[in-house]
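These notes concern the structure reproduced below.
The values are calculated or read from the model by the stated rules, or taken from the named source; none is laboratory data. Since the structure is predicted, the reported quantities are computational estimates derived from the model, not experimental observations. Here the Cβ positions follow ideal geometry from the backbone for every residue, glycine too, while neighbour counts run over all protein chains shown.
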Amino acid sequence: MSACRIERLIPALAVSEGAGVTVHRTIGTPALRNLDPFLMLDHFNSDDPEAYIAGFPDHPHRGFVTVTYMLNGHMLHQDSMGNRGNLRAGGAQWMKAASGIIHSEMPQQSDGLMRGFQLWINLPAREKMSDPDYQEISPEGIPSDTHDGATVRVIAGQYRNTRGPVADPNTQALYFDVALTAGHQFAHRVDPQMRGFIYVFEGAAAMQGQALPLHHLAVLSGGESVDIDAATQAARFIIVMGRPLGEPIVQSGPFVMNTRDEIEQAMRDYHIGKLVQKKAKFAEK
Ligand code: CO
């Protein structure tokens with residue numbers, strides 16, 4: 001059985017987003033424009049309220065899905081269509097922006113740690129102008145499975161007999177948060193067609209003898225298994241994989257479409273107040 005290897009290591013780049021919040025970006029930087037089907041990965045990680053309190057006021061999205069996973073902190077999500085949702089530590093939100101959403105993501109705390117990830121997953125051409133949709137997942141709604149020193153919270157996909165609440169039918173994405181104790185190995189069979197990455201956010205780990213340093217995105221080569229060792233110290237990381245869409249990607253900020261014309265249309269729609277075409281359904285799990 002061929003094992004996945006590290007194809008590239010991308011160090012996180014500090015980027016100012018929203019109203020001046022520092023995020024640590026890996027996918028969506030000059031070093032890695034995208035990793036089909038993933039368009040962006042931001043890690044927010046700060047215990048300084050000055051650095052996060054301004055949050056992410058109203059901004060648009062069109063053409064893709066966002067998945068926000070909160071590790072610590074509390075954020076209120078509101079959109080221009082009246083939907084509201086709370087993102088709490090250990091919970092997640094899957095948002096299909098599709099034809100268009102304008103929303104805000106605002107911290108609901110004035111001190112303490114704010115930590116988590118936002119991932120953008122591309123939509124295929126046939127879905128880009130479909131209706132928006134949401135799924136909010138409470139911390140209790142994310143199941144976990146502990147096996148041989150690895151505790152795996154399953155946000156999407158399946159680990160052993162545990163299936164996550166988020167389903168992304170276009171990419172069959174898997175998204176795990178893995179806490180590995182020192183001296184143990186995490187092993188998982190994967191579909192060799194899948195593309196993906198590992199991002200270590202606590203401790204350090206290794207893969208096939210190659211180090212997985214803290215706050216770096218490790219792009220995985222194709223293979224039938226992922227084997228990660230925490231030889232000398234505990235580690236915590238996310239592993240995310242999905243089926244590539246293989247379609248042209250044209251991005252301009254918060255709009256990701258297949259052609260330049262579609263991007264110009266999105267900009268025109270936004271300027272004349274027609275970006276939001278359909279009120280989204282809001283489902284809680
Ligand atoms: Co947003």
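Summary of values
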quantity: Residue in region 51-63 that is surrounded by fewer than 20 Cβ atoms within 10 Å (Cβ to Cβ), more than 26 Å from V154 (Cα to Cα), of a type in the set (G, A, S) and within 15 Å of the ligand (Cβ to nearest atom) present; calculated: yes
quantity: Filter result (among the hydrophobic types (A, V, I, L, M, F, W, C), in contact with a Phe, Trp or Tyr (Cβ under 9 Å, 6 or more places away or on another chain) and surrounded by fewer than 18 Cβ atoms within 10 Å (Cβ to Cβ)) within region 1-50; calculated: A19
quantity: Subset of region 86-95 (residues that are buried (at least 23 other Cβ atoms within 10 Å of the Cβ) and not aliphatic (A, V, I, L, M)); calculated: G91, W94
quantity: Among the residues listed as T181, T146, T232, the single one being out of contact with any Ser or Thr (no Cβ under 7 Å at 6 or more places or on another chain), at pLDDT below 95 and of a type in the set (V, I, T); calculated: T232
quantity: In region 155-173, the residues that are among the small types (G, A, S) and surrounded by fewer than 17 Cβ atoms within 10 Å (Cβ to Cβ); calculated: A167
quantity: All positions within region 23-49 that are in contact with a Ser or Thr (Cβ under 6 Å, 6 or more places away or on another chain) and over 27 Å from N170 (Cβ atoms); calculated: P49
quantity: Residue check for R8: under 30 Å from Q210 (Cα atoms), touching a strand residue (DSSP E or B) at 6+ places or on another chain (Cβ under 6 Å) and basic (K, R); calculated: yes
quantity: Qualifying position, being hydrophobic (A, V, I, L, M, F, W, C) and either part of a loop (DSSP other than H, G, I, E, B) or more than 14 Å from the chain's Cα centre (by Cα) (or both), among M129, M70, M40, M95; calculated: M129
quantity: Within region 64-90, tally of residues that are under 21 Å from K128 (Cα atoms) and of a type in the set (G, A, S); calculated: 1
quantity: Residue tally, condition in a loop (DSSP other than H, G, I, E, B), surrounded by fewer than 19 Cβ atoms within 10 Å (Cβ to Cβ) and of a type in the set (G, A, S), over region 98-119; calculated: 2
quantity: From W120, W94, residue being within 11 Å of the ligand (Cβ to nearest atom), touching a strand residue (DSSP E or B) at 6+ places or on another chain (Cβ under 9 Å) and of a type in the set (A, V, I, L, M, F, W, C); calculated: W120
quantity: When residues of region 104-117 are limited to those that are touching a strand residue (DSSP E or B) at 6+ places or on another chain (Cβ under 6 Å) and small (G, A, S), the one nearest to M241 (Cα to Cα); calculated: G116
quantity: Residue match in region 152-167 (condition: without any contact (Cβ under 8 Å) to a residue 12 or more places away in the chain, closer than 17 Å to A98 by Cα and either away from the ligand (no atom under 16 Å from the Cβ) or in a strand (DSSP E or B) (or both)); calculated: yes
quantity: Strands (runs of 3 or more DSSP E) contained entirely in region 168-285, each with at least 2 residues that are of a type in the set (G, A, S); calculated: 195-203, 205-207, 225-230, 235-242
